[in-house]
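For reference, the structure discussed in these notes is given below.
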Amino acid sequence: MSEKIRDPAILNPAAGTMDGIAERRRQEALLKTGALQNAIFNSANFSSIATDAKGVIQIFNVGAERMLGFAAADVMNKITPADISDPQEVIARAKALSEELSTPITPGFEALVFKASRGIEDIYELTYIRKDGSRFPAVVSVTALRDDQGVIIGYLLIGTDNTARKQAEEALLKAVALQSAIFNSANFSSIATDAKGVIQIFNVGAERMLGYAAADVMNKITPADISDPQEVIARAKTLSAELGTPITPGFEALVFKASRGIEDIYELTYIRKDGSRFPAVVSVTALRDAQDAIIGYLLIGTDNTVRKQVEAEQKLLDQRLRDQQFYTRSLIESNIDAIMTTDPSGIITDVNKQMEALTGCTRDELIGAPFKNNFTDPERAEAAIKLVLNEKKVTNYELTARARDGKETVVSYNATTF
């Protein structure tokens, strides 16, 4: 009689079914875990470096190759992760850990994995050195790899390139430092208000320029109260016409454009505590919260006195130059002789009415034309220019001028340089 082997699931269908489902779920979980581990390990965004117990590299993934520039064959069974790390940082880490854990730790690979070897979670930052010698900051997570008996058989170091975060931190620090430098500069008046315009911050530059202590104005007045009232009224009127909406003279006139998101830099007169005045160029920015609601305004001003003085001086110089030109022109035109001026190459730069009459050409026609073209002997005329340049002065040099209509006139050429 033969005995048939019975399937336990047939004997106990319910139990067999539950065991089968549990086993499938366990296998699916393992597959998912394996897939996740495989994705992480083979990611080009992570450097995954596995070592043996002594620290010699056994696995070097594609992410490590991309970040560090080494091929896996360059490092496997040859070096430890300490050999691609900044040596001074490794020494410093060994010293810091020795003090922290009260045990001597050797600079080198031991310093990189000591905490992990003691079962302590360890994530730290250090500088990795690429094959070409360049460096980058990395955040490294270290895990001890153990066998079934809990004995360490190696270590896994997973690293990420921290350059972008470092650059962002440095940029933020620079931005904060720049903002702080500007805000605390004695060369800028930085005045921050609440939404209604009442001054909340009054920096050292504002104190220096306006003569008020911060306590004199904070929570008491608006920037309109330290501005020329007539200019504020005029600005309100101008903006009302420009933007087609009534704008109240006062603080609203100073910030209306900024409140509408329009860039606004304008000039107005600030009034100091002692009543004296100075021209200021003011830049206005609306301060907004996370919901984009206006919570205040920032007015940054610079003293425009020096530029105004320079402009006034330049205006005076320009007027003097115009007066001198008018005087010179008057002298030229009042002379009974034909007069012209040329540059060193003999090109006419100015003439008087008598010269126009002599040549039969207009002033516009003569200016910019060669001097020699107006004489019967151009070479002799050109020689006259060279002679005056060499001798500084020429008198009674005879030339024959030829007018447009062909009329010839013998003239005595007298010239001097200036």
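Every number here is computed from the coordinates shown, using simple stated rules; none is lab data. This is a predicted model, so every value here is computed, not measured. Cβ placement follows ideal geometry from the backbone for every residue including glycine, while neighbour counts extend to all protein chains displayed.
Taking just the alpha carbons, could you work out the radius of gyration and Dmax for segment 335-416, both in angstroms?
11.6, 34
Run down the aspartates and glutamates and flag those whose C-alpha is under 15 Å from the C-alpha of K353, throwing out any fewer than 8 positions away in its chain.
Straight-distance partners of K353: E333, D337, D364, E365.
List the lysines whose Cα sits under 23 Å from the Cα of K78, skipping any in the same chain fewer than 8 residues away.
Of all the lysines, those that pass the test against K78 - Cα under 23 Å, at least 8 places apart if same chain - are K54, K131.
Modelling each spin label as a point 7 Å along the Cα-to-Cβ direction, I'd like the E100/T409 distance in nm, to one decimal.
10.1
Could you tally the net charge around D122, taking each other residue with its Cβ under 14 Å from the Cβ of D122, Lys/Arg +1 and Asp/Glu -1?
Result for the local shell: -1.
Each label point is 7 Å from the Cα along the Cα-to-Cβ direction; what then is the distance between the points at E170 and R272, in nm?
4.3
Starting from the amide H of V139, placed 1.01 Å from N in the peptide plane, find each other amide H under 5 Å away whose residue is 5 or more places distant or on another chain.
Excluding prolines and chain starts, which carry no amide H, the hits are T160, N162.
Determine the sum of side-chain charges near V351: Lys and Arg each +1, Asp and Glu each -1, restricted to other residues whose C-beta is under 15 angstrom from that of V351.
-2
Could you calculate the contour length gain from K196 to L287, that is, 0.36 nm times the residue separation minus the distance between their Cα atoms, to one decimal place in nm?
Gain in length upon complete extension: 31.6 nm.
Taking θ = phi - 60°, what integer Hz values does the Karplus form 6.51 cos²θ - 1.76 cosθ + 1.60 yield along segment 218-227, in sequence order, with x for Gly and Pro?
These are the phi-based 3J(HN,Hα) values: 5, 6, 10, 10, 10, x, 5, 6, 10, 10 Hz.
Subtracting the Cα-Cα distance from 0.36 nm times the residue separation, let me have the gained length for D364 to D147 in nm, one decimal.
Gain on stretching D364 to D147: 68.0 nm.
Treat the count of other C-beta atoms within 10 Å as a stand-in for reagent exposure and order D337, D303 from fewest to most.
If I rank by nearby Cβ atoms, fewest first, I get D337, D303.
Between rounded, prolate and oblate, where does segment 184-303 land on the alpha carbon gyration tensor, with a ≥ b ≥ c its root eigenvalues, rounded for a/c under 1.5, else prolate if a/b exceeds b/c?
Oblate is the answer for segment 184-303, as a/c is 1.5 or above yet b/c matches or exceeds a/b.
Tell me which aspartates and glutamates have Cα within less than 15 Å of K95's Cα, excluding those fewer than 8 residues away on the same chain?
Straight-distance partners of K95: D86, E110.
Against the empirical 2.2 N^0.38 Å scaling, what ratio does the C-alpha Rg of segment 24-166 come to?
So the Cα radius of gyration is 1.08 times the expected 2.2 N^0.38 Å.
Report the local net charge at V139: Lys and Arg +1, Asp and Glu -1, summed over other residues whose C-beta lies under 9 Å from its C-beta.
Combined, the nearby Lys, Arg, Asp and Glu give -1.
Given a Förster distance of 41 angstrom, what is the FRET efficiency for K386 paired with D323, based on the Cβ-Cβ distance and rounded to 0.05?
0.75
What pairs in K386/K407; K237/K273; K237/K257 have C-alpha atoms more than 18 Å from each other?
Beyond 18 Å between Cα atoms: K386/K407; K237/K273.
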